[in-house]
Amino acid sequence: MTHLSEGDLRAHLDHELPASRADQCAAHLLTCPVCQQRLAAMQARVEHIRATLQHLPPSSQAWRLNPRAAYRRFQSFTHTKELSMSSKLPAWLRPALTGALMLAVLVAAFTLAPARQALSAFLSLFRVEQVTVITFDPNALPANFANRVDQANLQTLFNDSVDVQGGGELLAVADAAAATTAAGYPVRLLAQPATELLVQPGLTAKGTLQAAQLQAILDALEMKDVTLPKDLDGATLTLQTGAAVVASYGNCVRYADLSAATMRGPRTGGPMRGAPRDPSCVALWQMPSPQISADPATVDPRPLGEVLLRVLGRTPAEARQLSQSINWATTLVIPIPTGAADYREVTVNGATATLIVEAEAETPAYTLVWTSNGMVYALFGFGDAAQGVALAQSLK
Amino acid sequence: MTVAQTTPTPAAETATHRDQAFEAVFTAHWARLFTVLARTLGDEALAEEAAQEAFWRLYQRPPNSWHNVGGWLYKVALHVAYNAMRAAKRRTTHESQVRAPALGHPEAEAEQALTQAAVQAALQELPERAAHALLMRHSGASYQEIASALGVPPNTVGTLLARAEAKFAQVFARHHPGDVP
């Protein structure tokens with residue numbers, strides 16, 4: 001008679017055989033001493049391996065094992081994630097379009113907590129000529145990062161008030177001509193008719209930096225080894241943005257719904273949850289290259305860039321080295337959580353563009369960012385990024 | 001200066017219910033998923049990150065059927081972890097952070113370390129899929145979960161396990177003589 005296969009014996013041991021096969025195997029075992037012996041040997045081996053593996057970490061005392069504590073850590077993890085990745089539009093577009101934050105434009109470069117947005121603003125002179133991607137590990141952030149920095153009270157970074165001129169409500173406009181009039185520059189659009197066309201007026205904001213407060217924030221983040229240059233204290237920063245224009249095509253979520261959803265706190269669901277990703281949805285964002293100037297103009301942005309990189313999890317040595325190699329005055333830095341997206345350089349009509357594609361998604365979201373003639377452009381869509389590049393090339 | 005405050009609106013009833021259900025799934029699967037990942041990757045911090053990422057994706061896109069969640073979680077977490085390791089190639093990511101718990105007895109510690117080393121060596125000599133199956137089964141995964149995690153038919157899991165264990169026992173014995181499997 002034919003004996004039981006190894007697979008059957010093993011599955012029998014685990015009670016994982018389908019019912020009919022299980023009966024057959026049991027019946028065979030009753031009368032076959034050879035298979036009985038093989039089963040016994042296999043059982044002993046399984047038991048030995050089980051006992052041996054117990055020696056492998058994690059031990060049952062491992063602190064990471066506890067599910068309740070793990071769930072709390074998971075909640076912090078999701079909070080960070082949602083702030084950066086939950087929106088259908090890349091997170092860095094949102095603040096520029098809400099227009100309420102003084103640092104709205106540089107928030108484009110820094111996707112997470114308000115602290116990072118604030119820190120990122122402290123560059124002496126900034127005009128976007130190129131884009132670079134920095135990967136970071138959101139779980140390497142200091143625990144309770146967002147809370148701690150909020151507590152340090154960002155508003156006190158500038159003395160009493162920041163003077164903001166311009167900004168205001170998002171305007172819906174009917175066509176390219178109306179957009180051009182509202183924006184004050186020739187608006188470039190795709191050939192297909194836009195589903196939604198919006199203009200965010202530009203603004204100028206000016207504030208005077210208080211280094212003591214910045215130091216307090218660094219202390220709250222436990223970055224006690226960072227010393228700030230003395231000339232930061234009392235420096236006046238001026239941010240100037242031109243009007244931003246957003247055009248959406250195909251079947252996208254309406255911007256009003258989108259911004260309402262993103263203004264809610266995390267973990268509340270909302271229309272974005274499980275919203276279908278329609279490949280016909282493409283959004284084009286454009287804006288004159290924003291400028292930040294400082295008085296005194298001699299303020300060196302590199303130490304601040306270094307702080308930013310530390311916040312993003314780089315070691316002090318790495319942060320220093322990386323900060324030296326980035327031309328902060330001309331580079332828009334986009335932080336991406338490690339593993340969240342793949343990115344590479346492509347060409348759009350001769351200009352170097354950065355293509356960021358969401359990893360691990362059935363219909364990945366992609367963002368294409370490039371600069372041309374003093375303007376910054378971003379094209380956003382789902383699915384085939386090559387189509388996005390083609391669309392970008394076709395801009396009129 | 002007024003900074004726009006993001007005020008969380010009260011969670012919708014369905015969202016709360018969904019979160020509670022999710023928490024139950026999380027609690028049910030966490031320890032085992034983390035254990036298997038930690039043993040597979042040899043790195044507890046990476047295992048935790050990968051597991052969190054997997055649960056996050058589960059939260060984002062709940063499946064139609066929940067009965068293979070364990071397998072799905074494992075597959076996604078492994079994928080995330082391997083990508084992260086590739087992306088961080090330049091750094092010394094594969095430093096194992098796994099340490100034996102201090103037992104207070106030098107001989108016992110040494111023995112523990114030896115056994116661990118032998119286990120790691122044995123696992124490394126297995127084909128990848130076999131190692132995954134073995135670790136998953138020995139942390140309590142069902143055949144269905146293993147099949148789902150590895151993308152193989154469930155009726156092949158028994159064979160996969162039997163062969164994995166035979167090979168494991170053989171290699172382990174070589175690295176850890178005096179111990180008869």
Given (1) open to solvent by 10 Å² or more (accessible area, probe 1.4 Å); (2) at pLDDT below 70; (3) within 23 Å of A:Gly305 (Cβ to Cβ); (4) in a helix (DSSP H, G or I), where does A:Ile217 come up short, assuming only one miss?
(1)
So which of A:Cys25, A:Cys35 is more than 7 Å from chain B (Cβ to nearest Cβ) and in contact with an Asp or Glu (Cβ under 6 Å, 6 or more places away or on another chain)?
A:Cys25
Of the numbered conditions (1) free of Cβ contacts under 8 Å to residues at least 12 places away in the same chain; (2) within 30 Å of B:Phe34 (Cα to Cα); (3) part of a helix (DSSP H, G or I); (4) acidic (Asp, Glu), A:Glu16 satisfies every one except a single condition; which is it?
(3)
Taking region A:222-247 and keeping only residues that are under 28 Å from the mean Cα position of the chain (by Cα) and hydrophobic (A, V, I, L, M, F, W, C), one is left with A:Met223, A:Val226, A:Leu228, A:Leu237, A:Leu239, A:Ala243, A:Ala244, A:Val245, A:Val246, A:Ala247
Here the residues within region B:55-68 that are surrounded by fewer than 21 Cβ atoms within 10 Å (Cβ to Cβ) and either touching a helix residue (DSSP H, G or I) at 6+ places or on another chain (Cβ under 8 Å) or within 10 Å of another protein chain (Cβ to nearest Cβ) (or both) are B:Trp56, B:Arg57, B:Leu58, B:Tyr59, B:Gln60, B:Arg61, B:Pro62, B:Pro63, B:Trp66, B:His67, B:Asn68
Take the residues in region A:39-60 that are more than 7 Å from chain B (Cβ to nearest Cβ) and open to solvent by 80 Å² or more (accessible area, probe 1.4 Å), then tell me which one is nearest to B:Trp30 (Cα to Cα).
A:Ser60
For region A:353-380, name all the residues that are assigned to a strand (DSSP E or B), under 24 Å from B:His79 (Cα atoms) and in contact with a helix residue (DSSP H, G or I) (Cβ under 7 Å, 6 or more places away or on another chain).
A:Leu355, A:Val357, A:Tyr366
Which condition does B:His29 not pass, out of (1) open to solvent by 20 Å² or more (accessible area, probe 1.4 Å); (2) at the interface with chain A (Cβ under 8 Å from one of its Cβ atoms), if it passes all the others?
(2)
Out of all the residues in region B:142-159, is one or more surrounded by 15 or more Cβ atoms within 10 Å (Cβ to Cβ), acidic (Asp, Glu) and assigned to a helix (DSSP H, G or I)?
yes
Considering only residues that are touching a residue at least 24 places away in the same chain (Cβ under 8 Å) and more than 11 Å from chain A (Cβ to nearest Cβ), which ones fall in region B:146-166?
B:Ser148, B:Ala149, B:Leu150, B:Gly151
Pairs needed: first member in region B:116-130, within 15 Å of B:Ala38 (Cα to Cα) and open to solvent by 10 Å² or more (accessible area, probe 1.4 Å); second member anywhere, modelled with pLDDT of 85 or more and not in a loop (DSSP other than H, G, I, E, B); C-beta distance under 6 Å; at least 6 residues apart or different chains.
B:Leu123/B:Ala131
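The values are calculated or read from the model by the stated rules, or taken from the named source; none is laboratory data. Just so it is clear, the structure is predicted and the values come from calculations on it, not from any experiment. Note that we place each Cβ from the backbone using ideal geometry, even for glycine, and neighbour counts take in every protein chain shown. These accessible areas exclude ligands, DNA and RNA; they are computed on the full protein's heavy atoms, side chains included. Shrake-Rupley method; radii C 1.70, N 1.55, O 1.52, S 1.80 Å.
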